[in-house]
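Novice: Got a structure here, written out as structure tokens. Questions coming.
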Amino acid sequence: MKFGLNIDYPVEKMELNRKRMKARSSYRYVDRVPVGFCLVPRYFTPIFHIPYNTIFKSVQEHYHWQLQFLKYRIENIPEDLLCTGTTLWVGPYFDNILDAAAFGAEIAWPEDETLHSRPVITSVEQMERHPMPAPGTGLWKQAIEWSREMRELARNTRLTFNGVEGQVRVNSPGISGLSPHMIAIDLVGVEFYYWQSEYPEACHRFLGRITDTLIAAQRHFLKLDHQAWSGIGGVAEDTATVMSPAMFKEFCVPYTRRLFDASASRGVHMCGPSAHLHQALVEDLQITSLDLFGYVVDPKVAAENLGGKVLLWGNISPMLMLNGTKAEVKQAARAALEAMAPCGGLMLGDGANVCPGTPVENLAALTEAAVEYGRPAVNPRGV
């Protein structure tokens, strides 16, 4: 075996985590509200004292560090989302640039910062001529190749949990889940917002071509990988939060709905102020979950607009979790629980993306608040 990893985590806790997550999916609770975080590699690289770009130097480094991050997370951060059995999942991870890179955005690969894209389109005429990528090209190709290599590494890995045998599995490659609108912003920049008003037909054509390409790319992934899931796991609509409901319905809903129709999920992620779009999310997109929604949404508003209608995951301020005291974080978690937990289907978490340097004790405060709050009586209608 090339890799060996033992994780100090009891199987009994895994099973309880699994039960909590399963109950939450049907708007119930086993003993309390489950807790889960958005913890990505940028949180862990400072802990391990490695430059961020270390994880992209080779597929072997990519695989090795994902396992180390998972071990640290499972052993040190109390949550229910991650460890629900003796199988750990890894896979190619490129921050939020996977699709933007494939579509031709300029990509920065800094030494000690996350990967990010830069716009390359400066005129409407250029937008109209911008070529769409063929499926399986660019960074999509690298994701496919790394996925295959990581599967070989997983076959040569021995994983145990306190001596109990486990296994490492590799996620199937696929499109990242950024909405067509987010990719348009990646390629054009903020000018795209103005162009939507000034050149709506051209923007619709561009969004339509992006959507067609994403669907074709995902179908290509499915042909190559029979283990691949049937579609995207959810859609990020962060760039929509500054738009009016009317603009959102015109320039986001039709294209995201097409992605939903080609997938097995109708989940949406929105980091920013999304309350003004909640009605459209429910009625026009018919979402089933709002995942890691932004802390700027008051939990009472989320409960009133969405409680009992969709699964909720969020929404404690990442900056409070980074800079606040444990007591302050715990109080915020308690307020979120009181507002949203009675609706059913809540997973308490960040809103959204845990900042590097966030103290583990502040993460633990969410689970402690959930334990102390206990199991709420569920009113699925949220009234």
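Novice: Considering only 290, 82, 214, give the residue with the highest GNM mean-square fluctuation for the chain, with springs between Cα atoms whenever their separation is below 10 Å.
Specialist: Looking only at 290, 82, 214, the largest GNM fluctuation is found for 82.
Novice: Let me ask something else about it. Amide H to amide H, which residues 5 or more places from residue 164 or on other chains are under 5 Å from it, using H placed in the peptide plane?
Specialist: Result for residue 164 returns nothing.
Novice: Now for a separate question. Tell me what the chain gives for mean residue ellipticity at 222 nm when only DSSP H runs of n ≥ 4 count, each as -39,500 (n - 2.57), the sum divided by the residue total, rounded to 500 deg cm²/dmol.
Specialist: On the way: 16 runs with 173 residues, N = 383.
Value at 222 nm, helices only: -13500 deg cm²/dmol.
Novice: Which whole-Hz ³J(HN,Hα) couplings does the stretch 179-195 yield from phi under the Karplus relation 6.51 cos²θ - 1.76 cosθ + 1.60, θ = phi - 60°, glycine and proline marked x?
Specialist: 5, x, 5, 5, 5, 4, 5, 4, 7, 9, x, 5, 4, 4, 4, 5, 4
Novice: Whose amide H sits under 5 Å from the amide H of residue 291, counting only residues 5 or more places off or on another chain, with H placed in the peptide plane?
Specialist: Placed amide hydrogens put 268, 269, 270 under 5 Å from residue 291.
Novice: Rounded to whole Hz and in sequence order, give me ³J(HN,Hα) for the stretch 141-154 from the Karplus expression 6.51 cos²θ - 1.76 cosθ + 1.60, θ = phi - 60°, writing x for Gly and Pro.
Specialist: So the Karplus estimates, Gly and Pro as x, are 4, 5, 4, 5, 5, 5, 4, 5, 5, 5, 5, 5, 5, 5 Hz.
Novice: Mind checking the dipole of the chain: about its Cα centre, +1 per Lys or Arg Cβ, -1 per Asp or Glu Cβ, Debye to the nearest 20? Don't skip to the answer; put the middle values down first.
Specialist: On the way: 36 positive and 41 negative charges, 256 e Å.
Around 1240 debye, computed over the chain.
Novice: Over the chain, with a Gaussian network built from C-alpha contacts below 10 Å, which listed residue (258, 148, 129) shows the highest mean-square fluctuation?
Specialist: 129
Novice: Let me ask another. Which cross-chain or sequence-distant (5 or more) residues have an amide H under 5 Å from the amide H of residue 316, H modelled 1.01 Å from N in plane?
Specialist: Here the answer is 349, 350, 351, since their amide H atoms fall under 5 Å of that of residue 316.
Novice: Step through the table entries 57/326; 249/300; 2/57; 249/309, compare each Cα-Cα distance with 28 Å, and write down the pairs that go over it. Don't jump to the answer; show the numbers that get you there.
Specialist: Values: 57/326 37 Å; 249/300 24 Å; 2/57 19 Å; 249/309 20 Å.
Violating the 28 Å limit, Cα to Cα: 57/326.
Novice: Restricting things to alpha carbons, tell me how big the chain is in terms of Rg and Dmax, in Å.
Specialist: For the chain, the Cα radius of gyration and maximum Cα-Cα distance read 20.8, 63 Å.
Novice: Right, next: Starting from the Kirkwood radius over alpha-carbon pairs of the stretch 50-186, derive D by Stokes-Einstein at 20 °C in a medium of 1.002 mPa s and give it in µm² s⁻¹. Please list the in-between numbers first.
Specialist: Details: Rh = 16.9 Å.
In µm²/s, the coefficient is 127.
Novice: What percent antiparallel are the DSSP beta bridges of the chain, to the nearest 5? The partial results should precede the final answer.
Specialist: On the way: 6 of 30 bridges.
DSSP beta bridges in the chain are roughly 20 percent antiparallel.
Novice: Could I ask something else about it? What list of ³J(HN,Hα) couplings, whole Hz, do you get for the stretch 304-314 from phi and the Karplus terms 6.51, -1.76, 1.60, once you set θ to phi - 60° and write x for glycine and proline?
Specialist: 3J(HN,Hα) across the stretch 304-314, in whole Hz: 5, 7, 10, x, x, 9, 9, 6, 10, 9, x.
Taken together, the values in this text are just the output of simple stated rules run on the coordinates, not laboratory data. Bear in mind the structure is a predicted one, so any value in this text is a computation, not a measurement. Cβ coordinates were reconstructed from backbone atoms using ideal geometry, including for glycine residues, and neighbour counts include every protein chain displayed.
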